[in-house]
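Shown next, in structure tokens, is the structure this report addresses.
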Amino acid sequence: MYYKIVNKLKQSDSLGNAAAWVIGGNLLMNILRLGSNLLLTRLLTPELFGVMAIAGSLHMAANMFSDVGIRSYFIYYKGDLNEDFLNSVWTIQIVRGGIILLISLLLMYPAVEFFNNDTLFFVLPIIGIGSLVLGFRSSMFLVYDRELKQSSLVKIEMLSYFIQLVIIIPWAWISRDIWPLVWGCVINSVLIVLLSMFFLENRKHSLNFNKRIFIELWAFGKWILLSSAMWFFIMQIDKVIIGKLSGMEQLGIYSVAAVLFMSLKQFIDQVLTRSFFQKYNEIIRNSSDNLMSSYMKYKLFMDISVGTGIVILLVFSGDLVSFLYDDRYQDAGWMLSVLCVGALLFLYVKHIEVLMVAHGDTKAAFNLNVIRVVWLGFALPVGQLWGLLGIIWCLALMEIVPLIYCLRKLSKYNLLNVYVEAPSFFLLICSFLLG
């Protein structure tokens, strides 16, 4: 029975269909988040959202410091997706959820002392429980992801989030405290586990430990673990530097541009890692010789659609900020304009990074983050001589050296072609001139 399911799923959906579901789902999720935030901010005090922001950052740290690349390894895996393999990956997934919970417990006392907020003592372990519950999610989730069956996965994510909102918004209206937000994380995890039973082909799971699979996963994912830890540092350094050197007011204005910038980067990451990554892996697994033609086609698609969209956003960033926010936040317009240059660079680097990881070169992803950290270490002290403008330009140009590294890697894979990369550099030149 199980092998019939796998063979059925191996008839992968098209890349266009998968990308459409990812893009549509991402946009609808952002609309839901925006709408729910507008409602919840009218029901709850800013202090409660501040506590959740701190808890969210610490939970993100726990996630990144336990990330051994289970999903990437599963998609890259060239062997048979048999019961032994699936149960072993499922077991490791549960163990990772337990590790995240353990890290959350270890952070309880330091967080309370550092932030002088007793609520964090209870918030952190509850959010950690959500990660443990999510570890029991069906291994078929990974199978569907690998075979580009994104429609079912997006439906699960959308429905679980919608039901979560249906529960926590009335709860917040009645209680007016932090617990609807906190327990919402656990509710979402439970819903994803339950809904996967209805939307995905079901299979019986059992705990299993295969030493060979664990060793292979560690060999593949150790660089991802180190890379994720460094990425957490990179994601936080802008707030620390701007808050320290420019003050809380400028940090608050910057945060408006940073939220839009991070949403854009998250969108790029989702499209590339949830559709293109699987397709490149499929081509490489099958030893196909059409990798170059596929890369050309997908690269052109991303340049025309996402790249051009970023340039348009750059041009109208000031108008967008003026429309969404009051006069106090107008400086966020030029900040977003500069950060759009960084988003365009990120688009090109991330696309090549996805291609490198599809080849199993996870160390390259680690090297990229090392380069980013070194850049920030040298560029930020120089950038601050020009004040806030210099700092933000340093953050925007963080992907310049990684792009050079990626182009060298493309040459190694015999995929570097000046005509393929020309549209990217044309858009980059436009963004530099306009930014």
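Worth pointing out:
- If only residues of the stretch 310-332 that are part of a helix (DSSP H, G or I) and among the aromatic types (Phe, Trp, Tyr) are counted, the one that is surrounded by the fewest Cβ atoms within 10 Å (Cβ to Cβ) is Phe323.
- Scanning the stretch 71-109 for residues that are within 15 Å of Leu132 (Cα to Cα) and polar (S, T, N, Q) turns up Thr91, Gln93, Ser104.
- Residue within the stretch 376-395 that is surrounded by fewer than 23 Cβ atoms within 10 Å (Cβ to Cβ), assigned by TED's automatic domain parsing to the domain that holds Ile304 and under 20 Å from the mean Cα position of the chain (by Cα) present: no
- Residue in the stretch 230-246 that is modelled with pLDDT under 80, part of a helix (DSSP H, G or I) and of a type in the set (Gly, Ala, Ser) present: yes
- The single residue among Leu195, Leu217, Leu181 that is at pLDDT 90 or above, out of contact with any Ser or Thr (no Cβ under 8 Å at 6 or more places or on another chain) and under 21 Å from Arg146 (Cβ atoms) turns out to be Leu217.
- When Ile283 is tested against (1) outside the structural domain of Gln164 (by TED's automatic domain parsing); (2) outside any helix (DSSP H, G or I), exactly one condition is not met: (2).
- Condition check for Ile31: surrounded by 15 or more Cβ atoms within 10 Å (Cβ to Cβ), part of a helix (DSSP H, G or I) and of a type in the set (Val, Ile, Thr): no
- From the list Ala422, Ala332, Ala343, the lone residue that is assigned by TED's automatic domain parsing to the domain that holds Ile237 and without any contact (Cβ under 8 Å) to a residue 24 or more places away in the chain is Ala422.
- Hey, Ala61 more than 20 Å from Phe209 (Cβ to Cβ), out of contact with any Pro (no Cβ under 7 Å at 6 or more places or on another chain) and in contact (Cβ under 8 Å) with a residue 60 or more places away in the chain or not: yes
- Each residue in the stretch 22-54 was checked for being over 18 Å from the mean Cα position of the chain (by Cα), within 30 Å of Met230 (Cβ to Cβ) and among the aliphatic types (A, V, I, L, M), and 3 pass.
- So Arg212, is it out of contact with any Ser or Thr (no Cβ under 7 Å at 6 or more places or on another chain), buried (at least 17 other Cβ atoms within 10 Å of the Cβ) and of a type in the set (Lys, Arg): no
- Looking at the stretch 333-421, the helices (runs of 4 or more DSSP H) lying wholly inside it that each contain 1 or more residues that are touching a Gly at 6+ places or on another chain (Cβ under 7 Å) sit at 362-383, 387-396.
- Helices (runs of 4 or more DSSP H) within the stretch 85-203 that include 1 or more residues touching a Gly at 6+ places or on another chain (Cβ under 8 Å) and in contact (Cβ under 8 Å) with a residue 60 or more places away in the chain: 120-134, 150-175, 179-199
- Count of the stretch 72-112 residues which are at pLDDT below 90 and of a type in the set (D, E, K, R): 2
- Hits in the stretch 22-78 (condition: more than 30 Å from Val112 (Cβ to Cβ) and aliphatic (A, V, I, L, M)): Val22, Ile23, Leu27, Leu28, Met29, Ile31, Leu32, Leu34, Leu38, Ile70, Ile75
- Selection of the stretch 204-225 for residues being part of a helix (DSSP H, G or I) and charged (D, E, K, R) yields Lys211, Arg212, Glu216, Lys222.
- Options Val271, Val256; residue that is modelled with pLDDT under 85, surrounded by 17 or more Cβ atoms within 10 Å (Cβ to Cβ), within 22 Å of the chain's Cα centre (by Cα) and not small (Gly, Ala, Ser): Val256
- Comparison of Tyr329, Tyr298 shows that the only residue that is among the aromatic types (Phe, Trp, Tyr) and within 26 Å of Tyr419 (Cβ to Cβ) is Tyr298.
- Ile391 under 22 Å from Ile237 (Cα atoms) and touching a residue at least 60 places away in the same chain (Cβ under 8 Å): yes
- Criterion (under 11 Å from Leu124 (Cα atoms) and in contact with a helix residue (DSSP H, G or I) (Cβ under 7 Å, 6 or more places away or on another chain)) met by exactly one of Ile92, Ile54, Ile70: Ile54
The values are calculated or read from the model by the stated rules, or taken from the named source; none is laboratory data. Source: prediction; values computed, not measured. Cβ coordinates were reconstructed from backbone atoms using ideal geometry, including for glycine residues, and neighbour counts include every protein chain displayed.
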